[in-house]
1. Can you compute the helix-only [θ] at 222 nm over the chain? Use -39500 (n - 2.57) per DSSP H run of at least 4 residues, normalise by all residues, nearest 500 deg cm²/dmol.
2. In the chain, if the dipole is taken from +1 on Lys/Arg beta carbons and -1 on Asp/Glu beta carbons about the Cα centre, which of 186, 89, 446 is farthest to the positive end?
3. In nanometres, what is the gap between the two model label sites at residue 257 and residue 394, each 7 Å from Cα along Cα-to-Cβ?
4. Would you work out if the stretch 208-294 is rounded, prolate or oblate? Take a ≥ b ≥ c from the square roots of the eigenvalues of the alpha-carbon gyration tensor; rounded if a/c is under 1.5, else prolate when a/b is larger than b/c, oblate otherwise.
5. Scanning the chain for helices, which whole DSSP H stretches are 24 Å or more long along the axis (Cα) and average 0.5 or more by Kyte-Doolittle?
6. With an 8 Å Cα cut-off and a minimum separation of 6 or more residues, compute the relative contact order for the chain in percent.
7. For the pair residue 137/residue 352, report the inter-label distance in nm, with labels modelled 7 Å from Cα in the Cβ direction.
8. Under the rule a/c < 1.5 gives rounded, and otherwise a/b versus b/c splits prolate from oblate, where does the stretch 432-473 land using the Cα gyration tensor?
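Readers should treat all values here as calculations from the given coordinates under stated rules, not as data from a laboratory. The structure presented is a predicted model; accordingly, all values stated were derived computationally and were not measured. Every residue, glycine among them, receives a Cβ derived from its backbone with ideal geometry; neighbour counts consider all protein chains shown.
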Amino acid sequence: MNNEEVKDKSLINAYPTKDLFISILIRDVTLRDAIGDLLDNSVDGALRLRGDASYEGLCVHIELNAEEGFFRISDNCGGIPVSVARDYVFCFGRPEGAEETGHSIGVFGIGMKRALFRIGNNFKVESVAQDSSFTMEVDVDMWKQGIDKAGDQVGETETQADWTFRFSDYKEDQEEEYPEGERGTVVTVTNLHAGVIEAFKIDNDTTSLIQELQREHLFSINNGLEITVNGIRLEAPDLKLLESDELKTAYWEGLDQPVEVRIYAGISQQTEYGTDGGWYVFCNKRLVLGPDQTKRTGWGIKTPIRIPEYHPQFYRFRGYVFLDGEDPRDLPWNTAKTDMELDSPVWRRVFQQMVDLMRSVMDFLNKIHNEERYYRERRIDKTPLQSAIDNADFIPLAQIVQDQIAGIKPHTVAKFTAPEPARPRPSPADKIWIRYWVTRAEFVLVKEYFELEKKGEIGRSTFDYFLEREIKS
């Protein structure tokens, strides 16, 4: 008897079933996240093909068809080589030795597979690369049972299931290269899950998908990548900040490896209901969080600096965080790329700087609020802060970022700056003198902080500082 046929009766089978694996893999993944993962793969293809150059001429088309029951995403972003598909792309996880795309948004090696299982029971991947091409078709139910298209059992053993897929057709090491215009990937999913079909029928779901995808990939869209959903071309949201000689955006950078960080905080237009206000957090230029108005980005915290809850007075606030890493696994985002890992040392450091810059913008918005009230009460004749806003220009965020990176603007750590507000005229009965003494060393420290010379101005500034931060906000 062949020794290999003798079962070792001391072994206990603990291998996971494919059913269990798939259910765990897709349990917390929304349909929108699944489609987003597939789009991320196409955007990474554009990055491999063009790097930081223009993406003009590259496109990704997404089709959601409830009537015919299919989902399809197709691109002309370079395709997947057969060798890469065979050894890396369809592995569950990122294998050792996998070819890396620097600064990519594909992270953990599960996005495509998770998305395909989430959408339907049959999928087909067709790809043409520089010198190779392939087609792969998978019936998920048959694959889970270890049965091929002919109905034969393949690769299964008594102790372990076969986890491989199989090309239905492939060519590699072609002497004649495929034309660049033919290189790309088409992913088609059929036998859709019931919930997916229902979602495709709802116009609001499609509209929400479009809005989220175009916000997440605004940098790629601005760089020329054409993305469509059911024929509707995605347009990048208009992210911009007010800037002038008087209004200066708050900025902080931490460019040490492995994650480079740039943070911008300022003001923009006051949109209805404040839906565009808050923090936007990008990882490798892909929006992960935002616009966020919760404690995860500092709203309503008490320490280390007090920040009020998000409310109409702060609808103008805009904050943008850019985290960039050669290896995307160094970035503090979750596997679905929908939130930050709040306990990450990188994120904790970034969070502290966000709160600090945010406070300087809050102080200005508080002064604007007071200025409006004083003017209505006729306690001031001029509104220098509102005038500064009226005379400032809306500058696209992409331009601000590029100017900073290119050194057109100095790489300085700065809080939000603006002109001083007009001081209200109190009536004589309202005046109260406050007098106290401090040590000379203490006085010098505060004097240098406020950059003032007169003792009265310094004393008033310390009082205003406490009043605005601890009482009014």
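1. After summing the helix terms and dividing by the residues of the chain, the value is -9500 deg cm²/dmol.
2. Going by the Cα projections, it comes out as 446.
3. 4.1
4. Verdict is oblate for the stretch 208-294.
5. none
6. It comes to 14 percent, rounded to a whole number.
7. Simple spin-label model gives 5.8 nm for this pair.
8. The shape class here is prolate.
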